[in-house]
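**Student:** Pasting a structure below so you can have a look.
The values are calculated or read from the model by the stated rules, or taken from the named source; none is laboratory data. Worth saying up front: this structure is predicted, and the values here are computed from it rather than measured. Here the Cβ positions follow ideal geometry from the backbone for every residue, glycine too, while neighbour counts run over all protein chains shown.
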């Protein structure tokens, strides 16, 4: 998918694995799918970028301390024009805001929501659209 198309409102734009075993996940997906993996040091964690055919398609990280106990899971990000502005709409439509909007430095702003059935989704507004 074209990078600009991924940053349009409503487009799935990123996939992220949170896991208890980063080394095991890296080996599994690298061997299974041929992904190229590159660790990026951040102030409070190491984030592993996933590349396929030279293009960044997702990331992996250890389950953060404030989410300990959650099972390893893949999460999807969907681009929205204004993540803060969408929070009231989520609740008006029967969903829940699970994590209010917060910044990812040099990337954008994101929030985690659930739909009325309980399915989780991350909404993101990229800084550089």
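**Student:** Condition test on residue 88, is it over 24 Å from residue 106 (Cβ atoms) and within 13 Å of the chain's Cα centre (by Cα)?
**Tutor:** Criteria not met by residue 88.
**Student:** Here's something else I'd like to know. If you check 21, 39, 82, which single one turns out to be closer than 15 Å to residue 112 by Cα and at pLDDT 95 or above?
**Tutor:** Testing whether each residue is closer than 15 Å to residue 112 by Cα and at pLDDT 95 or above leaves just 82.
**Student:** What is the residue count in the stretch 41-73 for residues that are assigned to a strand (DSSP E or B) and under 16 Å from residue 105 (Cβ atoms)?
**Tutor:** Looking only at that region, the number is 6.
Yes/no matrix, rows are residues, columns are (1) within 20 Å of residue 4 (Cα to Cα); (2) at pLDDT 95 or above:
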residue: 74; (1), (2): no, yes
residue: 78; (1), (2): yes, yes
residue: 93; (1), (2): no, yes
residue: 100; (1), (2): no, yes
residue: 110; (1), (2): yes, yes
residue: 113; (1), (2): no, yes
residue: 116; (1), (2): no, yes
residue: 121; (1), (2): no, yes
residue: 126; (1), (2): yes, no
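**Student:** Another one. Mind listing just one residue for me: the one in the stretch 71-85 that is closer than 19 Å to residue 22 by Cβ and surrounded by 11 or more Cβ atoms within 10 Å (Cβ to Cβ) and, of those, farthest from the chain's Cα centre (by Cα)?
**Tutor:** 72
**Student:** Look at the stretch 1-26 and say how many of its residues are outside any helix (DSSP H, G or I), over 27 Å from residue 128 (Cβ atoms) and over 15 Å from the mean Cα position of the chain (by Cα). Break it down into steps so the answer makes sense when it comes.
**Tutor:** The first filter runs over the stretch 1-26 and keeps only residues outside any helix (DSSP H, G or I), leaving 1-2, 7-21.
Subsequent filtering for residues that are over 27 Å from residue 128 (Cβ atoms) retains 19-21.
After this cut, where a residue has to be over 15 Å from the mean Cα position of the chain (by Cα) as well, the list is 20-21.
Matching residues across the stretch 1-26 total 2.
**Student:** Just to verify a result, which residue in the stretch 110-129, among those that are closer than 14 Å to residue 9 by Cα and crowded, with 17+ Cβ neighbours inside 10 Å, is nearest to the chain's Cα centre (by Cα)? Before the answer, list the steps.
**Tutor:** Here is the first cut: in the stretch 110-129, the residues closer than 14 Å to residue 9 by Cα are 110, 122-129.
After this cut, where a residue has to be crowded, with 17+ Cβ neighbours inside 10 Å as well, the list is 110, 122-126.
Details: 110: 8, 122: 6, 123: 8, 124: 8, 125: 12, 126: 12 Å.
Once the filter is applied, the top-ranked residue is 122.
**Student:** Taking residue 104 as meeting all but one of (1) surrounded by 11 or more Cβ atoms within 10 Å (Cβ to Cβ); (2) at positive phi, write down the number of the exception.
**Tutor:** For residue 104, the failing item is (2).
**Student:** List the residue pairs whose Cβ atoms are under 6 Å apart, where the first residue sits in the stretch 61-73 and is under 19 Å from residue 50 (Cα atoms), the second is in a strand (DSSP E or B), and the two are 6 or more positions apart or on different chains.
**Tutor:** Listed by first residue and then by second, the contacts come to 61/18; 61/47; 63/18; 72/19.
**Student:** Tally time: how many residues in the stretch 74-95 are out of contact with any helix residue (DSSP H, G or I) (no Cβ under 9 Å at 6 or more places or on another chain) and either under 20 Å from residue 12 (Cβ atoms) or in a strand (DSSP E or B) (or both)?
**Tutor:** Count: 14.
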